[in-house]
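A short worksheet on the structure shown next.
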Amino acid sequence: MASSSPSDLENPHATCSYAPLPGGTGDEPTVSRHPKKSAAIFLVCAFLSLAFVVALIGVDKAELNTNEAAVVLSRGRGVDKGVSEKSFRPLLGAENSYPWSSNMLDWQRTGFHFQPKNNWMNDPNGPVFYKGWYHLFYQYHPDAPVWGKIVWGHAVSKDLVNWRHLPIAMETDQWYDEQGVWTGSATILPDGQLVVLYTGSTNESVQVQNLAYPADPSDPLLINWVKYPGNPVLVPPPGIDEKDFRDPTTAWKTPEGKWRITIGSKVNKTGISLVYDTEDFKSFELLDQVLHAVPGTGMWECVDFYPISKQGENGLDTSIDGPGVKHVVKASMDDDRNDYYSIGTYDALKGKWTPDNPASDVGIGLRYDYGIYYASKTFYDQDKQRRVLWSWIKETDTEASDISKGWASLMGVPRTILLDKKTQTNIIQWPVEEINRLRTNATVFKNLVVEAGSLVPLELPAASQLDIVAEFELDEATVMRLNDVSDADVAYDCAKNGGAATRGALGPFGITVLAHEGLIEHTPVYFYVAKGVDGNLKTFFCADQSRSSSAMDVDKSIYGNVVPVMKGEKLSMRILVDHSIVESFAQGGRTCITSRVYPTKAIYNNAQVFLFNNATAATVTASLSIWQMKSAQI
Ligand code: DQQ
């Protein structure tokens, strides 16, 4: 738990009960530290309670306006060109459209998440630390806020937080990348030289791999790039479809001293990662066997492959191997557009990787993030000896809204990646430490008792840009007492069990952000604890967007998954709220959920935060530190 100056410890933070959802009593107010204010608080609570029930039970359809047509496409952008769909599929052909005002749309732009000044952005490309600067290249469509003819946008930073936008690094100016300068990766050679391999979509939409390098290696800003005259350096090999061959990784060293890369593809429905060795990045040798293959997973985009230390707290250079190391394979699944990873063992002699647990293989097991998170890529930051993860966070509204806004998509906050030393079966992801420099004006709440079925407004100066760190403890006696098998809902599923509205004995409880005072709109991030017949607890971490907006033309999914909780650990979460993006991390980053939310009322000064406990049995004690987040230079 982060510490901070407890500037607001003395502030009144009354808890209140609310008219019960089915099954609760809800008639006893919990602690009120300011008795003189109790009447007023009662009225506020009564109002909030009613609103909370309304908000949890039904979506306000009054604002629905079907007159304004959304952009209707039968097929999402990208598919015809041979890449994963770039439109938000659930809203393709959406007819309902909300009358978004420019005030509402302006609010959606973020304060500390990277995005270009306008137009469309997708995958991070070639992230690297070079001569004192962090470089972020990214898939960019300079002509419109929808996916199209993609070039490499470019920005640099000294701290991964504040960015300077630079000219486009690579344009679609060659036959071999005429349809798009697509995703690629950077490799730093031992002499400090930088090389980039990227996918070009040719004039005939064939996917080929190309080599590029800085025109002036002494320029720390890497403004100008040269494309190797002998491009393409790789074309689809026999048996691989010309539209299924893309996104080369950063290279790593082989035992023979060559360089090795992997490239995602598929054969029928089997997702695969092809392996090539090279000495000069110009000619390549295809290995007989693939790095890995998983039947039924479809096309693998943006494969990532990197070592993680079994014991150490530092990240590792991509070429590091040995007994103290495990290897991660990540692939972005074209079929469901989520990033899956698995931890396993790499056989460098064969160029083959095997998962530790085949039941949790790439594409069928763990995800980096259970919300909106795709086409991610890591790099080794040799300056701070850490592995840093970047990811594209798409919009989940309509293209019509994106066109009105003039921009679409952003990058998730960069996260460090380490092996979870306690579980040994998952990685942990955590916002890079530099993000903490944006924290200001802390408000601390200590040991707030939140009774079953109650809601606690948290008084904050503002609530559109926040860093929230919270710990929760379930009332032990209730947990012990609970023996009713009907509560043994260990098969709970965040997406399918009704979200924050559905009550169990031990949850849901958590924090609802971007909440309007009457909870007409709010986005709950919460734990749900289930006790099995064997007495063991299983904890789920979820984010419920179903009431995040009165508008109907936005995503309303409920996201989440199980989160491992080790003996002696409190339940903890961190939430970064930044206008239309909410990034949530449970148990130090074991399970993460990124949400895009588009409130119409809970914006500017009308955005608030509440603690809630919608359990039927257990009281929860919560301690929180909440910082306002300054805007970064972006
Ligand atoms: N985006 C790029 C492709 C990649 C896809 C095209 C993943 O290289 O496969 O914009 O989002």
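The values are calculated or read from the model by the stated rules, or taken from the named source; none is laboratory data. A quick note: this is a predicted structure, and the numbers were derived from the prediction, not measured. Note that we place each Cβ from the backbone using ideal geometry, even for glycine, and neighbour counts take in every protein chain shown. With ligands, DNA and RNA removed, areas are computed over all heavy atoms of the protein, side chains included. Shrake-Rupley method; radii C 1.70, N 1.55, O 1.52, S 1.80 Å.
Kirkwood-based Rg over Rh for the stretch 536-607 (C-alpha set), two decimals?
Taking Rh as the inverse mean 1/r over Cα pairs, Rg/Rh reads 1.05.
Which of Thr254, Gly82, Leu506 sits farthest toward the positive end of the charge dipole of the chain, with +1 on the Cβ of Lys and Arg and -1 on the Cβ of Asp and Glu?
Leu506
Using square roots of five times the C-alpha gyration tensor eigenvalues, list the equivalent-ellipsoid semi-axes of the stretch 72-208 in whole Å, biggest first. Before the final figure, lay out the partial values.
Values: eigenvalues 165, 101, 23 Å².
One finds semi-axes of 29, 22, 11 Å for the stretch 72-208.
In whole Hz, what ³J(HN,Hα) sequence does the stretch 312-328 give by Karplus (6.51, -1.76, 1.60; θ = phi - 60°), x for Gly and Pro?
Once θ is set to phi - 60°, the couplings for the stretch 312-328 become x, 9, 9, x, 10, 4, 4, 7, 5, 8, x, x, x, 10, 10, 10, 9 Hz.
May I ask which of Lys131/Lys384; Lys131/Lys227; Lys422/Lys446; Lys149/Lys377; Lys531/Lys567; Lys269/Lys422 have a Cα-Cα span longer than 24 Å here? Walk me through the numbers before you get to the answer.
Values: Lys131/Lys384 13 Å; Lys131/Lys227 21 Å; Lys422/Lys446 27 Å; Lys149/Lys377 21 Å; Lys531/Lys567 15 Å; Lys269/Lys422 35 Å.
From Lys131/Lys384; Lys131/Lys227; Lys422/Lys446; Lys149/Lys377; Lys531/Lys567; Lys269/Lys422, over 24 Å: Lys422/Lys446; Lys269/Lys422.
Please identify every one of the trypsin sites (Lys or Arg not before Pro) in the stretch 292-334 that sits in a loop by DSSP and has no more than 13 other beta carbons within 10 Å of its own beta carbon. Before the final figure, lay out each step's value.
Details: sites: Lys310, Lys326, Lys330; in loops: Lys310.
Here the sparse-neighbourhood loop sites are Lys310.
Name the residue farthest towards the positive end of the dipole of the chain from the options Pro190, Pro127, Thr591, assuming +1 on Cβ of Lys and Arg, -1 on Cβ of Asp and Glu, about the Cα centre.
Going by the Cα projections, it comes out as Thr591.
Along the Cα-to-Cβ line of Lys117, 7 Å from the Cα, sits a label point; which residues in the stretch 124-159 have backbone N less than 19 Å from it?
From the stretch 124-159, the list is 136-146, 151-158.
Leaving out same-chain residues fewer than 8 places away, which lysines sit with a Cα under 21 Å from that of Lys630?
Here the lysines satisfying the reach criterion relative to Lys630 are Lys117, Lys158.
Work out the FRET efficiency for Thr423 and Thr270 from their Cβ-Cβ distance, taking R0 = 35 Å, and round it to the nearest 0.05.
Working: r = 29 Å, r/R0 = 0.83.
Efficiency computed from Cβ-Cβ geometry: 0.75.
How big is the charge dipole of the chain about its Cα centre, in debye rounded to the nearest 20, if each Lys and Arg gets +1 on its Cβ and each Asp and Glu gets -1 on its Cβ?
Values: 57 positive and 74 negative charges, 174 e Å.
Roughly 840 debye, rounded to the nearest 20.
With runs of 4+ DSSP H residues as the only contributors, calculate the mean residue ellipticity of the chain at 222 nm using -39,500 (n - 2.57) per run, divided by the residue total and rounded to the nearest 500. Provide the component values of the computation, followed by the final result.
Values: 4 runs with 39 residues, N = 634.
Only helices count here, giving -2000 deg cm²/dmol.
For Glu178 and Asp143, what does the FRET efficiency come to when R0 = 22 Å and r is the distance between their Cβ atoms, rounded to the nearest 0.05? It would help to have the intermediate numbers written out before the result.
Details: r = 15 Å, r/R0 = 0.68.
Step by step, r from the Cβ atoms, then E = 0.90.
Bin by bin, in steps of 10 Å, what percent of the Cα pairs in the stretch 258-321 do you find, going until the bin that has the longest distance?
In order of increasing distance, the bins hold 20, 40, 31, 8, 0 percent.
Just to be sure I understand the model, the point goes 7 Å from the Cα along the line to the Cβ. What's the resulting Leu189 to Arg89 distance in nm?
Spacing of the two 7 Å Cα→Cβ label points: 4.1 nm.
Search the structure for amide H atoms under 5 Å from the amide H of Gly184, placed 1.01 Å from N in the peptide plane, and list their residues when 5 or more places away or on another chain.
Gly126, Thr199
Report in % the part of the accessible area of the chain that belongs to carbon and sulfur, leaving out ligands and nucleic acids; probe 1.4 Å.
Details: 11800 of 23120 Å².
That share works out to 51 percent.
Starting from the eigenvalues of the Cα gyration tensor, five times each then square-rooted, give me the equivalent ellipsoid semi-axes of the stretch 466-625, largest first, whole Å.
Numbers: eigenvalues 140, 50, 38 Å².
That gives 26, 16, 14 Å for the three semi-axes.
Place a point 7 Å from Cα of Val479 in the direction of its Cβ. Which residues in the stretch 603-620 have their backbone N less than 20 Å from it?
612-620
Where Rh is the Kirkwood radius over the Cα pairs of the stretch 463-549, the temperature 20 °C and the viscosity 1.002 mPa s, what D in µm²/s does Stokes-Einstein return? If you can, show how the numbers build up before the last one.
On the way: Rh = 14.0 Å.
Estimated diffusion coefficient is 153 µm²/s.
With charges set only on the Cβ (+1 for Lys and Arg, -1 for Asp and Glu), what does the dipole of the stretch 509-634 come to about its Cα centre, in debye to the nearest 20? Intermediate values should be presented prior to the final figure.
Working: 11 positive and 9 negative charges, 63 e Å.
It comes to approximately 300 debye.
Mind checking the angle between helix 38-57 and the chain's longest principal axis? C-alpha axes, 0 to 90 degrees, to the nearest 10.
50 degrees
What's the Kirkwood radius of the chain in Å, using all Cα pairs?
Working: mean 1/r = 0.0395 Å⁻¹.
It is 25.3 Å.
Where only protein heavy atoms count, and the probe is 1.4 Å, what is the accessible area per residue for the chain in Å²?
Working: 23120 Å² over 634 residues.
Here the residues of the chain average 36 Å² of exposed surface.
Suppose R0 equals 41 Å. What FRET efficiency, 1/(1 + (r/R0)^6) with r the Cβ-Cβ distance, do Asn536 and Asn436 give to the nearest 0.05?
Step by step, r from the Cβ atoms, then E = 0.70.
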